[in-house]
Each structure stands twice: as C-alpha cells, then as structure tokens.
1. What do you get for Rg/Rh of region 295-433 when both radii come from the Cα atoms and Rh is the Kirkwood radius?
2. Can you pull the Rg over Rh of region 8-466, Cα-only, Kirkwood?
3. Give the cross-link partners of K455 among the lysines, using a straight C-alpha distance below 28 Å as the criterion and excluding same-chain residues fewer than 8 apart.
4. Would you kindly state how much longer the chain becomes between D249 and R283 on full extension, computed as 0.36 nm times their sequence separation minus their alpha carbon distance, in nm to one decimal?
5. What's the center-to-center distance, using Cα atoms, between region 134-193 and region 66-98 in Å?
6. Within region 30-90, which GluC sites (Glu not before Pro) sit in a loop by DSSP and count at most 14 neighbouring Cβ atoms inside 10 Å?
7. Please state the equivalent ellipsoid semi-axes for region 100-141: what are the square roots of 5 times the Cα gyration tensor eigenvalues, largest first, in whole Å?
8. Can you compute the helix-only [θ] at 222 nm over the chain? Use -39500 (n - 2.57) per DSSP H run of at least 4 residues, normalise by all residues, nearest 500 deg cm²/dmol.
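Each reported figure results from applying straightforward, stated rules to the coordinates on display, with no laboratory input. For clarity, every value in this text was computed on a predicted model and none was experimentally measured. Using ideal geometry, Cβ is built from the backbone for each residue, glycine included, and neighbour counts are taken over all protein chains shown.
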Amino acid sequence: MGFPEGFLWGGATAANQCEGGFDEGGRGLANVDVAPVGPDRAAVVTGERKMFAFDDEHFYPAKGAIDMYHRYREDIALFAEMGFTCYRLSIAWTRIFPNGDELEPNEEGLAYYEDLFRCCREHNIEPLVTITHFDCPMHLIEEYGGWRNRKMIEFYERLCRVLFTRYKGLVRYWLTFNEINMILHAPFMGAGICFEPGEDHDAIKYQAAHHELVASALATKIAHEVDPENKVGCMLASGSVYPRTCSPDDVWAAMEYARENYFFIDVQARGAYPPYALKRLERKGVMPKMERGDEEILAAHTVDFVSFSYYNTRCVSTDPAEQVEGNLFMGARNPYLEETQWGWPIDPKGFRTTINEIYDRYQKPLFVVENGLGAVDEPDENGYVEDDYRIDYLRAHIEQMRLAVEEDGVPLMGYTMWGPIDLVSAGTGEMKKRYGFIYVDRDNLGNGTLARSRKKSFAWYKKVIASNGEDLA
Ligand code: BG6
C-alpha cells in the first residue's frame, strides 16, 4: 500500500531562478533576466511596463541567481544525498538558441545540459525537463512580439527537435510549458507579451495561448517521433476553486474561474477547445485566429500525462467587498485557512481534492511537479535552519497526496517539491522567500557567499524518500 514502487521523489527548479551566468556560455538575454526585484516587478511580469534591458535603478536577481550554472555538480550531489530519484529542471532557451531564431544551436549550451543530465544519471536521478519555464528570448520579443506571433511555433519546434535529438536516451520525461495558464496572469513572464496602449489584452493572450497550444502539440508529436520512449506532459498552476458561499452565484463564479485555468489542459489532454471556451471566446470577441490543420494537430497529439503545481486552493466570491490580492490570482479570503508569510492559504486537504479533481477530469497519469512553502529562514552561524514549519507543511501535503493514491486510487507518477535548494522567487524576485532543504547564503540584493548548507528538513526529506513516503515523522 502507500506509494507505488518506482514512485519518483525529488525536487523542481527553473533555469532562470537558479542558474545565473546570464551572459556566459554564449547565452542570450531572456524576458526573465530583465524582471527586477521590488515594487516594479509586478508591472514588468504582467506586460504593463516595458523593460527590455537592464537599467541602473533596479537589481535583477536572475543575472546571478544562486550560481547553479557553475555549481550544479555540487547541488545535484546534495540532491542525491537526500535520495532524489527525480530532478525537475528547465532549459534556458537562450543557452540553446541565444536569439531564438537562429537555424543552428549553440553547442556550448547543448554541452552544458548534456553534462548536467549525465551528472543526474550518474546519481541514478531521472531528469524531468521543462522546455520553457517562464522563459523567452528577448530577441523574439523585440523582433516578433513574443508568443502573440505565430512564428514562435516554428522557433519552439526547432528548439524541441534539437533537445529531443541531442538528449535521446538521457531524458525521457518532458514538460512543454510551465504553468501554461500563467499566460493569463503574468503574460510577459509566461509568454513574452508586452502590451501597447489600447490593445485588447484578452485577444492577445488567447491568440498567444493558441500558439502555445499548437506548439505544445507539435512538441509532443516530435518527441514521440524521435523516441517512442519519450513521455510528454502539460503543466497547470492548479488549485481547486471554492465558492466563498453556497450562493448559486458564487458556485457558478467558482466554476467559471476554474474553467479559465483548466481550458489550457482541456486542450492539451483532450485534444480540442471545449464548448464552454469556444462560446466564451466568441462572446467576448477574442476568438484566436486558427490555421487550417491546427484542430487536427491538437487532436492528434495530446499529452501522455498531466503535471501540475499545487500551493493552495482558491476562493471566489461575487461580492466585491470580498476581493483580495494573493499570488498572481485574484480571489476572496478563505476564513478556514491559515496563510503563509506571503499570504498564500495553506490547504493540505485541498491538495487531495485538487488531485482528485484533475484525475476525474482527464483520466491520465498525474505528476505533482511543484509544492512547497516559501518562508523566511533564520540560519545559525553554520547556516543550519530549524525549519519545522517547512517540514509541517510538506508532511501535511504528502499525507494528503498518499490518501489520493491509497484511498482514491489516483495514478500518480511522482512528486517533485518546489525549490529543494533556495532560489529566486518567481513572483517577487526575492531570495528571502525560501523553499529549500538546502540554504543558500544570498540575500535579495545579491549579497552573500553563495555557500550551501543543510537545513533540518534535509534529513527529514531523506527519510521520507528512503521509506517511499511511509515515514513522515
Ligand atoms: C510557480 C512557478 O508558480 O510557483 C515557480 O512555476 C515559482 O517558478 C513557484 O517559483 C513559487 O512561486 P514564488 O512566487 O514563491 O516563487
């Protein structure tokens, strides 16, 4: 009972949040590089404020991040010490194609990831690779407008073909777009979209979404052609949506809100735009332009598995007085839940609900590829952190995940918690919002030695993995 044999345990990171080395190895500039820490970040990542280059007034945390670009061997060895059997990471597109529209890839970038994957294999760690995790070459944004332009499909296809061919046999598990629904909430970060005054945001977002959906289906096609062993997944920023009250208006609003996010996965997992989406896009006058053949591509190349991040559930109310801002999602406060230091609700039971809801909807194998607690850590002079709060959070969530598997029968492939090593926050750009089992000596403005040290949770997670999720004490 409990987790099946071979269940994959590990952690997840994204290139821009940990690598640094932004101008090394022939790498080009990306959207994620120019997102600063501080109050201006929100306007930049949502595409409201154009920031296409560095300026002197801001600090850009992705430039150096935690220097994993140079330290990946040391970091992967620490993951192996915890017993990881899986490591989810992302490719920086601009290491492979610095501008994005070249015909030939950058060998130095390809060699870098090849060595990283080999290092994983040496430690018996299965790499799970996100092809784009909030990552778009700046040149493609300046020259083509990012994913609003259909040309992006061709550039992405080329990237995929190169990756699948080069890493055949080394990588088997792929995710096409991280949190694809994030395009609705942070379009610059999610799809390299920056708005001009007077533009219809929804029309642009859904056009870009269509391009990403077609690109994702083509990536799945190519992956299977290159190696039938490849398994390709989509990736949703998940979280069941609760109505704030049982008023039918709130219930309906919750359903609509859930559908807004499920829309993407409905297409990727079932192979067609669902009727509710077609009607809604038509009604709002934002139906994306499709080309002949798109529908067939979407239908023929659905994903092999569905992956998702889970941090919290959402709560929706039709009462304007109930609206609060949290994460990049708007909603109402749930009075039954405690919140993290960053105001994110903590809802372990909602994790079980969400896992079941996703499985009911898609009936495909599932993979939890992000879950974790961002918190302020206070290290002692040796960099040791007594992070019982993190252990408590993860324990409660893993317990609920076990119930989803054991009691509800959901086929779950694995669990990669978010940020096994402290890294830059995607939402705020801070280092202070830490998720890791491994502490990294670096602050919000880039000060610190970058030294790594084990927190209390490091030994705890090692025990969890060794017991295949049985020993959560
Ligand atoms: C997910 C992203 O939205 O949440 C990660 O895929 C991100 O990139 C994670 O880091 C946690 O969010 P944050 O804002 O705390 O970094």
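1. 1.01
2. Details: Rg = 20.6 Å, Rh = 22.1 Å.
Value, to two decimals: 0.93.
3. Candidates past the 8-residue exclusion: K63, K349, K432, K433, K463.
4. Details: separation 34, 0.36 × 34 = 12.24 nm, distance 1.99 nm.
In short, 10.3 nm is gained.
5. 19
6. Details: sites: E48, E57, E74, E81; in loops: E48, E57.
Listed in order of number, the matching sites are E48, E57.
7. Values: eigenvalues 126, 38, 8 Å².
Semi-axes from the Cα gyration tensor: 25, 14, 6 Å.
8. Values: 15 runs with 182 residues, N = 473.
That calculation yields -12000 deg cm²/dmol at 222 nm.
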